[in-house]
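For reference, the structure is listed below as structure tokens.
The values are calculated or read from the model by the stated rules, or taken from the named source; none is laboratory data. Everything quoted here is computed from the prediction, not taken from an experiment. Backbone-built Cβ (ideal geometry, glycine too); neighbour counts: all protein chains shown. Areas reflect the complete protein model, heavy atoms only, side chains present, ligands, DNA and RNA absent. Shrake-Rupley method; radii C 1.70, N 1.55, O 1.52, S 1.80 Å.
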Amino acid sequence: MKRFVATAVAAASLLAFGMSSAFAQDTVRIAMLVKNLGNGFFDSAFDGGQEAAAELGNIELIFTAPTAPTAEGQIEIISNLIAQGVDAIIISANDPTALIPVTKRAMARGIKVLSFDSGIAKEGRLMHLNPSNNELIGFKQIVMASDAAGGAGKIAILSATAQATNQNIWIEEMRKELAKPERASLDLVDVVYGDDQSDKSYQEALGLLARFPDLKVIIAPTTVGIAAAAQAVRDKGLVGKVFVTGLGLPSEMKGHVESGAVLSFAIWNPIDLGYTATYLAYQFVKGGATGAPGEKIKVGRMGVMTIDENGEAAMAEPFTFDASNVAKFAEIF
Ligand code: RAM
């Protein structure tokens, strides 16, 4: 809600100051369409987007999302954005393929469609911005789980939605790592989905704890899931017996690390991700970027992104947090 108000105020002040219509026409309208509302990860991404917008000037950045993380909700919003005639849409997709018809329609109207965080398949966007290297994200989570489990025992995954492009890629990478002989003592017993809703994630975590009394680790590759799972472990008095790891926001995980339910977790900087995605969108609208393989696109304080053969680019390595550094980063995101 806060986000819509911010946009409305920016637009209203333009009118109030009687900007000429020529100026208004020059304004680049970029929509950041995320998986769902009420997720702190995306709120931070929008903060980064606003930073890029302020730096570039003359951008109206619209933050929007369905209430629940569904492809249907995103399709409806994209149709509305086409009708509004925005210049670009940056999307964290709830499904890799379901959005393709509507994003193709948007691109046919000249709207620059990019995906970030959670991708749309190649034909449905001009480029995709990965937060980091997918293989590394999968690998890191298994290493953290293995460390927490002492190298052996039952582990389970609590993911976001069953269709989420990014989580499904990371789960695939985790499975590949688990298939290695040196991981043979780790037993992945289940994968469940909390739909990036706190309540559902909490219930799914309780379900895992009940079904697998000797479970050692829950890996949640989602900021919503990891916080909910840590809360479930604490509420059940299982701290020290079951550990939670995965991808989390320091600001949401500080208390869970201090409680001992979480020994370590990882993430990248969502502010930098939103900043870069917004900058890229601007470069497609105004800077002539096309997303062709090998293309190098300047993205302000983040330097230069290089497009690979799949029309993708990746940002930095995920960073690991534990009791030694979580409090410091909790102030930032
Ligand atoms: C949640 C969302 C997002 C993902 C993070 C790690 O906030 O599912 O897409 O990148 O977790």
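Using only the Cα atoms of the range 150-264, what do you get for the radius of gyration and for Dmax, in Å?
Both quantities, over Cα of the range 150-264: 13.0, 36 Å.
Using alpha carbon centroids, what distance separates the range 141-163 and the range 267-324, in Å?
28
Gaussian network model of the chain, Cα springs within a sub-10 Å range: biggest mean-square fluctuation belongs to which of 278, 67, 97?
Answer for the Gaussian network model of the chain: 67.
My understanding is that a pair violates if its Cα-Cα distance is over 31 Å; which of 180/216; 180/328; 122/328; 216/254; 154/254 do that in this structure?
Too far apart for the 31 Å limit: 180/328; 122/328.
Roll a 1.4 Å probe over the protein chains and send me the accessible area per residue for the range 134-267 in Å².
Value returned for the range 134-267: 37 Å² of accessible area per residue.
Could the peptides 56-63, 263-270, 228-235 be put in order, highest first, of the mean number of other beta-carbon atoms found within 10 Å of their residues?
228-235, 263-270, 56-63
On the accessible surface of the chain, probed at 1.4 Å, how many percent belong to carbon and sulfur atoms?
54
Expressed in nm to one decimal, what extension gain is obtained for the pair residue 187 and residue 316 from 0.36 nm per residue of sequence separation less their Cα-Cα distance?
So the extension gain works out to 43.5 nm.
For residue 83 and residue 328, what is the calculated FRET efficiency with R₀ set at 30 Å and r taken between the beta-carbons, to the nearest 0.05?
Here the calculated transfer efficiency is 0.10.
Which listed residue (265, 327, 115) has the Cα farthest towards the positive end of the charge dipole for the chain, taking +1 on Lys and Arg C-beta and -1 on Asp and Glu C-beta about the Cα centre?
Going by the Cα projections, it comes out as 115.
What is the ratio of the Cα radius of gyration of the range 68-180 to 2.2 N^0.38 Å, where N is its residue count, to two decimals?
1.28
Need one number: % antiparallel among DSSP beta bridges in the chain, to the nearest 5.
Close to 15 percent.
On the first, second and third principal axes, largest extent first, how far apart are the outermost C-alpha atoms of the chain in Å?
67, 40, 35
Hey, any idea what the orientation-averaged projected area of the convex hull of the range 180-232's Cα atoms comes to, in nm²?
Mean orientational projected area (the range 180-232, Cα hull): 3.8 nm².
If I model a spin label at residue 296 and residue 259 as a point 7 Å from the Cα along the Cα→Cβ vector, what separation in nanometres do I get?
4.8
On a C-alpha basis, how far is the centre of the range 96-116 from the centre of the range 173-250 in Å? Whole number, if you could?
What the calculation gives is 34 Å, centre to centre.
Taking the Cα atoms only, what angle lies between the long axis of helix 270-285 and the longest principal axis of the chain, rounded to 10 degrees?
Helix 270-285 and the main axis of the chain meet at about 30 degrees.
What is the angle, in °, between the Cα long axis of helix 134-149 and the longest principal axis of the Cα atoms in the chain? Nearest 10 is fine, range 0 to 90.
Tilt of helix 134-149: around 30 degrees.
Could you identify which residue out of 189, 244, 262 has the top mean-square fluctuation in a GNM of the chain using Cα springs shorter than 10 Å?
189
Using the Kirkwood radius built from alpha carbon pairs, what does the Stokes-Einstein equation give as D for the range 205-315 at 37 °C and 0.692 mPa s, in µm² per second?
The diffusion coefficient I find is 202 µm²/s.
Helix-only mean residue ellipticity at 222 nm, the chain, DSSP H runs n ≥ 4 weighted -39,500 (n - 2.57), per residue, nearest 500. What is it?
The helix-only estimate for the chain comes to -14000 deg cm²/dmol at 222 nm.
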